[in-house]
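Right, one structure below, let's go through it.
Taken together, the values in this text are just the output of simple stated rules run on the coordinates, not laboratory data. Predicted, not measured: the structure shown is a model, and the values here were computed from it. Virtual Cβ from ideal backbone geometry, glycine too; neighbours counted across all protein chains shown.
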Amino acid sequence: MKVLVWKDTKKNMESLVKNLPRKYAVDFSPRDQSIKEAYISVDGKTFTFRAVIDSIAPYDETEQNVLKKKSSPKTVFEITTLEKIDPIPLIEFKASGKYLKEMKTWNIAERSLTEMKEKEAYADTVPKDINEIVEDAKKLGFSLPLTVAYDVLKYKKSLDKKEYTHLLKRLHEDIVKKEIDPHEAVGIIAAQSIGEPGTQMTMRTFHFAGVREMNVTLGLPRLIEIVDARRIPSTPSMTIYLKKEYSKSDETVMSVVKELENTSLIDVADVITNVAEMYLTIRPNANRMKERIVAFNDILDATEKVKGITVIRDEKDQEIVVKPQQESFKKLYQVQEQLKILTIKGIPGIKRAIARIEPSTKEWVIYTQGSNLKDVLELDEVDGNRTYTNDIIEIATVLGIEAGRNAIFMESQRTLQEQGLEVDQRHLMLMADMMTFGGGVRAVGRQGISGRKSSVLARAAFEITTKHLLRAGLIGEVDPLSGVAENIIVGQPITLGTGAVNLVYKGLKNTK
Amino acid sequence: MTGGISKRIYRIQFALLSPDEVRKLSQVKVITADTYDDDGYPIERGLMDLHMGVIEPGLKCATCGGKVDECPGHFGHIEMAMPVLHVGFIKEIKTFLDSTCKVCGRIKLTPDEIANYRAKFEDIDMATSDPEIIGMMSKKVTDEATPRLVCPHCGSQQKKVILDKPTTFREEGIKVTPKEVRERLERIPDEDLIFFALNHEVARPEWMVLTVLSVPPINVRPSITLETGERSEDDLTHKLVDIIRISQRLRESRDNGSPQLIIEDLWDLLQFHVTTYFDNQTAGIPPARHRSGRALKTLVQRLKGKEGRFRSNLSGKRVNFSARTVISPEPFLSVNEVGVPEKAARELTVPVTVNIFNMESIREVIKRGSGPRDEFGRYVTGVNYIIRPDGRRIKVTDQNAEENSKRIEVGWTVERQLMEGDIVLFNRQPSLHRMSMMSHTVRILPDQTFRFNLAVCTPYNADFDGDEMNLHIIQKEEARAEARIIMKVQEQIMSPRFGGPIIGGIHDHITSMFLLTHDNPLYSEERTVHMLNYLDIDEMPEPVIKDCKKYYSGRDIFSLILPKTLNMRFRSKLCSSAKERCEYEKEPEDKEVYIVNGRMIHGTIDEAAIGPFSGIIVDRIFRKYGPEEAAKFIDRMTRLAVGFISYRGFSTGISDYDIPEDAVSRIEEISSQAVERINKLIETFRKGLFQASPGRSVEESLEIEILSETGKVRDESGKIASAYLGLTNPSVIMARSGARAKMLNISEVAGMVGQQSVRGGRLNRGYYNRTLPHFKPGDIGALARGFVQSSYKSGLNPLEYFMHSIGGREGLVDTAVRTSRSGYMQRRLINAFEDLKVDEDRRVQDTVGAVIQFKYGEDGVDPTRSDKGKTVDVDYNAFDIENEVVE
């Protein structure tokens, strides 16, 4: 539904609230007269008022009792109700196909209501026959993991009843036998299992992944990068899938690619500096503009973003003359540099995008160099459910920490698998959980997990020994001696495995 | 040795030492900078005063009366003439000076703010919460107080204090002496300390300015006597000498009223010495040096880093009862045995506590002395020492053996030499996973090396090109029990990394089993008996009668070592990729190995069946019959393999790579065609007609095109070459069975070596615009960029040889860089995860009790016991049930 959105002063709004219904004059005239709803922002960032517009009429100077928004009113709204609402962020509104980023004066926008569908309960998504197997197991007095039930399915048909029951019982016994022992040092086992194959990995940084035009860091350097939880991976890249309805159309794909690729001014135009006259000329290159699908007006729009300049459009020569408002060489230079890297279109951070047809599904997939998950997901054509980036931190910030945990797991598994190294997923899961259980992504190392240990001695033994010891003295820190490293240091049995259990012998007294 | 843990430390609290405590701790006030007098006797009240402990035999500690090794050492102290700052706390002192009033000593916050913040700080427990968080909170508060120029309490004007690194404070350019600093710190009331993350129960800020210095015991800084009889003092003693000297001079100058300038100079000098005494790598001051020019190792240096106390002496220790020597293979040992040289066995001992049950037998052993042999001159265990209950050791020699055997009583300990059947730990560095240290049973063998079965090379990652390994003798019963139950080789067959076997047949074992089972050859009775001679099996397989003679088939011979109820069906490596019919099979069902009730019906045994990592038979036996049976299978399999291959014979040589003349010329032809094609590509590129692939520059696209071209040629030449090398060729047998090398390596020898690469691309460095001066500048043709047309067998021409060595060098550098990088990564991983454990409910917890996972690995299954990661192998269970029903 189309709504009106505008920015107004706090004072105006207050007076509006007091005398309702009220006529309200504004300085614009919406073409669409059917609009019934308006959202008003006071701070330009969030909308805090919702108004119902009863009628829209042209401004009549004779009319009395009108609140004016600006000096030259054009239209009068009759507002019947005005309610204060919980702040709605700008991003929920779309104006001419783009999400609102800032609120200047007014706009006709669409409120893209995110429909919240309740997710089906997990049990409901499980096929019936699988559920039956789980039920069968329950009748026998034990529970069977779903993954196992999937495997059992084909035997349910091929085996007779007695054998089938026998199989279920056997599987259950097997699982019980396979359970991990209490007090097992799973952390050390996981660390060894991930670290040991490191010696067999290649150092060769680059490898082609999916497309041979795209380089992606793999092997040991990538694994170290994951473990370090680097802010920005050395080769960020995305795999973008399109929604089913677009994914087979060549034109949409190409337009999405063009929309993705970050085009700077310097990619489509030359910037010429006239030092003597103190101005800059932007001279667009027609061929390059065509290639990147950039219109002259796009460049003009983009220049508006630069502050402190006067833009003069030279229609005849299709040039733009830019003059800094402040006449100094320093400013001139600054403006020139700013213009060069000015984003005309595209998504910041995406350096290159290449579309490929996935041979198995005959579907277009876009691979990018550079990553910007947040902005890419906002594109209408993009299928957010399948789109992926290899930037773990970005996933964690955009989609939440559980997604970040899965990203660590998947990225590390992919890196190891690509090298042909078998590592049990449980180890990688433990690593991912350990790195994320605090709510943020923490690195494995002195700034992350190790630096946060509860034991002074363990921290001192790892790295930066003296700092920890000196500080411990000041705050009178107590080392609880509960971990491995500190107990080794003081020469006691560690608290894992066989060291975690005690044998108590009560002597002969109790037995008379 | 007996007993168990008598005491357990439950917590350690850290604190600062106050001057009073230092004095209380001290046994002697050190006032003389000298160490020994002319007779070599420690000077009283000197740095080597006997009150601080003894290091020379014969002398007794003046404090505790103990001799060397008895006295633990005692602290002394030095009274400083003037106070000096402690370098480790400079930053903290700065914050104190910044955020407190110089007059009244209160923190520069309003009473409201103080109350507000105090509530926040009192919420947390200083001693146990995260020091990072406390530090951050404190920083916030002090940052607020610092910029205030008027004290909110007394209203006095404040001045900005600047730290002139490393240890000088200035206030508007005027130096603030440590004495003044200390006075200001003294004024800070206890209740304000909490805002500085200082626990007033254990520390006072003025203690960070030293008025008295603790002198460590002599045991901590022993002097060493050189061969020349000259004494050489420890670095710490040197530093302490300097401190005492300057302190004395400072005191004298101060007392006799020397000019302020001289006093200040001396004071600074004292500060320098104390600073370097704590940390000789403080930024901003030159490190104090030894006479020889070597920087002194002072307190911080002793603790820090890989060679520091923490990592080198506390987290890891040197041990007795261990041995290290070169390793060599011994196929006749079981996987869980280790061959120990006699020489080592005589030195390594196992302590045996005498009790009424073993007294007599131990007497017999002692009687033998320390180097006994039986009537055939074979090794028999002897005794090296007997230990009385008070700890005195008595060396057993052949002379006193008889007499000593009578002396032992219940409660004595006898250090018996190693014996066959003892449980020992065996280890090879780098110890990257838990299979790097396993327990074996001892076999005493002649010669000088440790020996073991080849199947355990994989978990240790050992070969015999000079590798050395370590042996540790377990000294305690608990440890021995653990070693036997959880560290035995057979318990470690399954790797926790991927839930498959890590121990299995290697190299010749695989080749041998392949030859024995492929095409099911027949062997005469005599031959069969000869082979089976290697095994502990005394039944013969079903004979096959042919030409009125008894023959035995290879698969039947192999079946002998399989458990009698084993049922399996799997694809061998040889035919793993074949969909319909594999090129190496005689009958259609041959591509699948089929074992029914312990009898192998068809198929070929190769790497997929018995090799490490993949060995599916080993895996099955381990799961169905347990570790003992799996170890038995590996033992028998390796023995059978060695027996069979030594009877059959197996070798390879240069002539195995002979291919016919026309094949050689065909390879030459395709390689010269490729060079031509590449030249054409370059030509189109030069003309500017080369089409770049999307997203890449023309140059990059060309390189990729050329690389794929050269890759194609190598593959093709490999195909041509291997067409003439069938399964009768030993090298092909090795490659195909997975014993060693890949087909690629064979094609390199027989066909063509192919493109050499550096960093994934063709060679392009060296001279300007060319790799070697043999080419024209700018030549980017195949040969100029490291395309090797020759095969290893035909030999490389000098240019190719050079190119090849460039590629080879990259590999070497890569390995060197990789080991260090991955080593550090693993250290960090282990350090971060070492405290995690599974509790009784299969949750994963850390030391604090935080839950990392609610069910370990989401299904609670041990990866070691999982079926290659799967919770359970449904297919196998179903298969097994089906076959059981048949039975």
Just need the Rg to Rh number for the stretch B:322-492, please, alpha carbons only, Kirkwood Rh. 1.01
Apply the Karplus parameterisation 6.51 cos²θ - 1.76 cosθ + 1.60, with θ equal to phi minus 60°, to every residue of the stretch B:805-816 and state each ³J(HN,Hα) to the nearest whole Hz, in sequence, with x for glycine and proline. 6, 5, x, x, 5, 4, x, 5, 4, 3, 4, 5
Do the sum for chain B: with -39,500 (n - 2.57) for every DSSP H run of n ≥ 4, divided by all residues, what is the mean residue ellipticity at 222 nm, to the nearest 500 deg cm²/dmol? -11000 deg cm²/dmol
As computed over the stretch B:654-808, the Cα convex hull volume per residue (Å³): 128
Quick one: helix B:235-255 against the long Cα principal axis of chain B, what's the angle to the nearest 10°, folded into 0 to 90? 20
The stretch A:405-475: D in µm²/s via Stokes-Einstein (Kirkwood Rh, Cα pairs, 25 °C, 0.890 mPa s)? 177
Amide H to amide H, which residues 5 or more places from B:MET600 or on other chains are under 5 Å from it, using H placed in the peptide plane? B:SER559
What does the charge dipole of the protein assembly as shown about its Cα centre add up to, to the nearest 20 debye, if the Cβ of each Lys and Arg holds +1 and the Cβ of each Asp and Glu holds -1? 2280
Beta carbons within 10 angstrom, averaged per residue: use that to sort the peptides B:563-574, B:585-596, highest first. B:563-574, B:585-596
Sort A:298-305, B:533-540, B:467-474 by packing, meaning the average of other beta carbons within 10 Å per residue, with the highest value first. B:467-474, A:298-305, B:533-540
Within 10 Å of the Cβ of an average residue in A:433-444, the count of other chain Cβ atoms is 3
Check each of the trypsin sites (Lys or Arg not before Pro) in the stretch B:466-508 and keep only those in coil by DSSP with at most 14 other C-beta atoms within 10 angstrom; list them in order. B:LYS476
With only alpha-carbon atoms counted, please give the Rg and Dmax of the stretch A:366-437, in Å. 13.3, 39
I need the Kirkwood Rh of the stretch B:417-467: take the reciprocal of the average 1/r across all distinct C-alpha pairs and report it in angstrom. 12.0
Mean shadow area (nm²) of the C-alpha convex hull around the stretch B:273-382 is 14.6
Over chain B: Rg over Rh, Cα atoms, Kirkwood Rh: 1.07
Debye calculation, C-alpha points only, no solvent: report log10 I(q)/I(0) for the stretch A:123-178 at q = 0.15 Å⁻¹, in the same order as the q values. -0.37
A student applying the Cα gyration tensor rule (rounded when a/c is under 1.5; otherwise prolate if a/b is larger than b/c, oblate if not) would label the stretch B:86-208 oblate
Given 10 °C and 1.306 mPa s, compute D for the protein assembly as shown with the Stokes-Einstein relation, Rh being the Kirkwood radius over Cα pairs; round to the nearest whole µm²/s. 40
Taking the alpha-carbon centre of each part, the distance from the stretch B:511-531 to the stretch B:234-308 in Å is 79
Enter the mean number of other protein chain beta carbons within 10 Å of the beta carbon of each residue in A:445-453, as an integer. 5
Tilt, helix B:260-278 to longest principal axis of chain B (alpha-carbon atoms), in degrees rounded to tens, equals 30
Using Cα centres only, tell me the gap between the stretch B:740-787 and the stretch B:670-702 in whole Å. 17
Hydrodynamic radius (Kirkwood) for the stretch B:508-648, which is based on Cα pairs only, to one decimal in Å: 15.1
Rank by packing, highest mean first: peptides A:493-501, B:372-380, with packing defined as the count of other Cβ atoms within 10 Å averaged across residues. A:493-501, B:372-380
Correct semi-axes for the stretch B:488-570, from √(5λ) of the alpha-carbon gyration tensor and rounded to whole Å with the largest first, are 30, 13, 13
Per residue convex hull volume, Cα only, the stretch A:263-345, in Å³ is 76
Let me test this: with uniform point scatterers at the alpha carbons of the stretch A:453-498, what is the Debye-based log₁₀ I(q)/I(0) at q = 0.16, 0.30 1/Å? -0.41, -1.10
Using only the alpha carbon atoms of the stretch B:577-658, find the Kirkwood hydrodynamic radius as the inverse mean reciprocal pair distance, in angstroms to one decimal. 15.0
Most exposed first, judged by fewest Cβ atoms within 10 angstrom, B:TRP412, B:TRP207 run B:TRP412, B:TRP207
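Could you give me D for chain A, from Stokes-Einstein at 25 °C and 0.890 mPa s, where the hydrodynamic radius is the Kirkwood radius over C-alpha pairs? Units µm² s⁻¹, please.
Working: Rh = 29.7 Å.
Value of D from the Cα-based Kirkwood radius: 83 µm²/s.
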Strictly greater than 24 Å: what percent of every Cα pair in the stretch B:1-156 meets that? 61
The distance between the Cα centres of the stretch A:389-435 and the stretch B:1-74, in whole Å, is 54
Can you give the net charge of the other residues whose Cβ lies under 12 Å from the Cβ of B:GLU144, counting K and R as +1 and D and E as -1? +1
Lone cysteines in chain B, going by a 4.7 Å Cβ-Cβ cut-off? B:CYS64, B:CYS457, B:CYS548
Can you give the local net charge around B:ILE194? Use residues other than it whose beta-carbon is closer than 11 angstrom to its beta-carbon, Lys and Arg +1, Asp and Glu -1. -3
Take every residue in peptide B:842-855, count the Cβ atoms of other chains within 10 Å of its Cβ, and give the average of those counts. 5
